[in-house]
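Student: Would you mind keeping the following structure in view while I ask a few things?
The values are calculated or read from the model by the stated rules, or taken from the named source; none is laboratory data. From a predicted model like this one, the values you see are computed outputs, not experimental measurements. In this analysis, Cβ positions are derived from the backbone assuming ideal geometry, glycine residues included, and neighbour counts consider all displayed protein chains.
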Amino acid sequence: MLNTRADRARLRTTGTVRLPGFVLNLGVHSPGSLLPQHMHDDPTICYVLRGGFTEHWRGSAADCVSETLKVTPAGELHWNRFSTVETRGLRMDVDRDHFADSRSIFRVLDERMHSHASAAGDIAKRLVYELASDDDTALVAAEGLALELLVELSREPLPRMTRPPRWLLEADELVHEAYATRFSIGDIARTVGVEPATLARAYRRVFGCTVGERIRRLRVNHAAGALVETREPLSAIALNAGFYDQPHFTNIFRRYVGVTPAEYRARLG
């Protein structure tokens, strides 16, 4: 049986709790931090609550932003670069052998997966809420949701990640380096040697967003970090991040973060 009081106390002090077949971790990563190359002994399911990171493995890369859910197989070497805002998320280490009698679950834990704003992600979000609850039944509810998450993944497989061509990775690096400047898809396409339409289609298919959406997200992340770490005026932060004026900055920031830059600074600055 679960010792619910002890487990809930452990979750509050360490961010970790054990359930049958699972180890759940609520983690926090500092802005701009790097998690060096590593692997996990068990398959992991990660859900991003806030912030984001880029995960690199075997010459491939994928962005995980707020509401992203991913599955990483056991023993796969990877490393993570976190965004310029504090990143919070849930990591579930799954005992694969615990589910050996279910071939569909056993199989899905052996494949890399990635989704955004999915049904599985909604379950993960509810799981986090249960872990934060002080209700005596919270861990029972959390166990049920963890199992429901596995079932959702096995019944409706998420899009598999494919290894992008080298030119696409180079294009993504250029976007990350030049997001605060003015450039076009055509500029990047010419640099990496492909047609603009080819770049646009491949970028959306592999990274799950358009080049423009990536640029806006990078600019917002840059601005969010500056709002917390500096006392620069909003107008200067907007220009440094690549926004053409402060109203434009405010509108985009509110769309992505849910509050205005001034409100964000007041809460976290």
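Student: Please tell me if ARG216 is under 21 Å from the mean Cα position of the chain (by Cα) and in the same structural domain as PHE249 (by TED's automatic domain parsing). Break it down stepwise before answering.
Tutor: Values: under 21 Å from the mean Cα position of the chain (by Cα): yes; in the same structural domain as PHE249 (by TED's automatic domain parsing): yes.
So ARG216 fits the description; yes.
Student: When both residues are 6+ apart or on different chains and their Cβ atoms are under 8 Å apart, which pairs have a first residue that lies in region 47-70 and is assigned by TED's automatic domain parsing to the domain that holds PHE207 and under 16 Å from PRO165 (Cα atoms), and a second that is modelled with pLDDT of 85 or more and not basic (Lys, Arg)?
Tutor: From residues that are assigned by TED's automatic domain parsing to the domain that holds PHE207 and under 16 Å from PRO165 (Cα atoms), there are no pairs.
Student: Which condition number does GLU111 fail, the rest of (1) in contact with a strand residue (DSSP E or B) (Cβ under 7 Å, 6 or more places away or on another chain); (2) surrounded by 17 or more Cβ atoms within 10 Å (Cβ to Cβ); (3) not in a strand (DSSP E or B) being met?
Tutor: (2)
Student: Okay, next question. For ILE185, indicate whether it is under 18 Å from the mean Cα position of the chain (by Cα), of a type outside the set (Asp, Glu) and at negative phi. Walk me through it before giving the result.
Tutor: On the way: under 18 Å from the mean Cα position of the chain (by Cα): no; of a type outside the set (Asp, Glu): yes; at negative phi: yes.
So ILE185 does not fit the description; no.
Student: Which count do you get for residues in region 227-247 that are part of a helix (DSSP H, G or I) and modelled with pLDDT under 90?
Tutor: Going residue by residue through region 227-247, those that are part of a helix (DSSP H, G or I) are 227-229, 234-241, 246-247.
Imposing the further condition that a residue be modelled with pLDDT under 90 reduces the set to 228-229.
Adding up the residues that qualify gives 2.
Student: Next question, about the same structure. Would it be correct to say that ALA266 is over 21 Å from the mean Cα position of the chain (by Cα) and not aromatic (Phe, Trp, Tyr)?
Tutor: Details: over 21 Å from the mean Cα position of the chain (by Cα): yes; not aromatic (Phe, Trp, Tyr): yes.
Yes.
Student: Report, by residue number, each residue of region 77-107 that is modelled with pLDDT under 90 and acidic (Asp, Glu).
Tutor: GLU86, ASP97, ASP101
Student: Of all helices (runs of 4 or more DSSP H) completely enclosed by region 141-224, which ones contain at least 2 residues that are crowded, with 20+ Cβ neighbours inside 10 Å and not β-branched (Val, Ile, Thr)?
Tutor: Working: elements: 166-178, 185-192, 196-207.
It comes to 166-178, 196-207.
Student: Out of all the residues in region 50-92, which are of a type in the set (D, E, K, R), surrounded by fewer than 19 Cβ atoms within 10 Å (Cβ to Cβ) and not in a loop (DSSP other than H, G, I, E, B)?
Tutor: So the first thing to find is which residues in region 50-92 are of a type in the set (D, E, K, R), and the list is 50, 55, 58, 63, 67, 70, 76, 81, 86, 88, 91.
From the residues that got through so far, the ones that are surrounded by fewer than 19 Cβ atoms within 10 Å (Cβ to Cβ) too are 50, 58, 67, 76, 81, 86, 88, 91.
Once the filter is applied, which keeps residues that are of a type in the set (D, E, K, R), surrounded by fewer than 19 Cβ atoms within 10 Å (Cβ to Cβ) and not in a loop (DSSP other than H, G, I, E, B), region 50-92 yields ARG50, ARG81, ARG88, ARG91.
Student: Same structure again: Consider ASP95 carefully, then state whether it is without any contact (Cβ under 8 Å) to a residue 24 or more places away in the chain and under 21 Å from LEU145 (Cβ atoms).
Tutor: Details: without any contact (Cβ under 8 Å) to a residue 24 or more places away in the chain: no; under 21 Å from LEU145 (Cβ atoms): yes.
It is false that ASP95 is without any contact (Cβ under 8 Å) to a residue 24 or more places away in the chain and under 21 Å from LEU145 (Cβ atoms).
Student: Of the residues in region 77-108, how many are farther than 18 Å from VAL128 by Cβ and in contact with a strand residue (DSSP E or B) (Cβ under 6 Å, 6 or more places away or on another chain)?
Tutor: Residues flagged as farther than 18 Å from VAL128 by Cβ and in contact with a strand residue (DSSP E or B) (Cβ under 6 Å, 6 or more places away or on another chain) within region 77-108 amount to 7.
Student: I need the full set of residues from region 97-108 which are surrounded by fewer than 18 Cβ atoms within 10 Å (Cβ to Cβ) and out of contact with any Gly (no Cβ under 8 Å at 6 or more places or on another chain), in order please.
Tutor: Filtering region 97-108 for residues surrounded by fewer than 18 Cβ atoms within 10 Å (Cβ to Cβ) gives 97-98, 100-104, 106-107.
Once the filter is applied, which keeps residues that are surrounded by fewer than 18 Cβ atoms within 10 Å (Cβ to Cβ) and out of contact with any Gly (no Cβ under 8 Å at 6 or more places or on another chain), region 97-108 yields ASP97, ALA100, ASP101, SER102, ARG103, SER104, PHE106, ARG107.
Student: While we're here: Test each condition in (1) among the basic types (Lys, Arg); (2) under 19 Å from HIS29 (Cα atoms); (3) touching a residue at least 40 places away in the same chain (Cβ under 8 Å) for ARG155 and report the one that comes out false.
Tutor: Among (1) among the basic types (Lys, Arg); (2) under 19 Å from HIS29 (Cα atoms); (3) touching a residue at least 40 places away in the same chain (Cβ under 8 Å), the lone unmet condition for ARG155 is (2).
Student: Do we find a residue being surrounded by 15 or more Cβ atoms within 10 Å (Cβ to Cβ), in a loop (DSSP other than H, G, I, E, B), outside the structural domain of HIS176 (by TED's automatic domain parsing) and touching a residue at least 40 places away in the same chain (Cβ under 8 Å) anywhere in region 114-127?
Tutor: Within region 114-127, one or more residues are surrounded by 15 or more Cβ atoms within 10 Å (Cβ to Cβ), in a loop (DSSP other than H, G, I, E, B), outside the structural domain of HIS176 (by TED's automatic domain parsing) and touching a residue at least 40 places away in the same chain (Cβ under 8 Å).
Student: Moving on to the next point. Tell me, which residue of region 1-46 that is outside any loop (DSSP other than H, G, I, E, B), of a type outside the set (A, V, I, L, M, F, W, C) and under 10 Å from ASP93 (Cα atoms) is modelled with the highest pLDDT? Full working, then the answer.
Tutor: Of all residues in region 1-46, those outside any loop (DSSP other than H, G, I, E, B) come to 4-14, 16-19, 22-29, 34-38, 44-46.
Within this subset, residues satisfying the condition of being of a type outside the set (A, V, I, L, M, F, W, C) are 4-5, 7-8, 10, 12-14, 16, 18, 25, 27, 29, 36-38, 44.
This time we only want the ones that are under 10 Å from ASP93 (Cα atoms), so: 18, 25, 44.
Numbers: ARG18: 90, ASN25: 91, THR44: 96.
If we take residues in region 1-46 being outside any loop (DSSP other than H, G, I, E, B), of a type outside the set (A, V, I, L, M, F, W, C) and under 10 Å from ASP93 (Cα atoms), then THR44 is modelled with the highest pLDDT.
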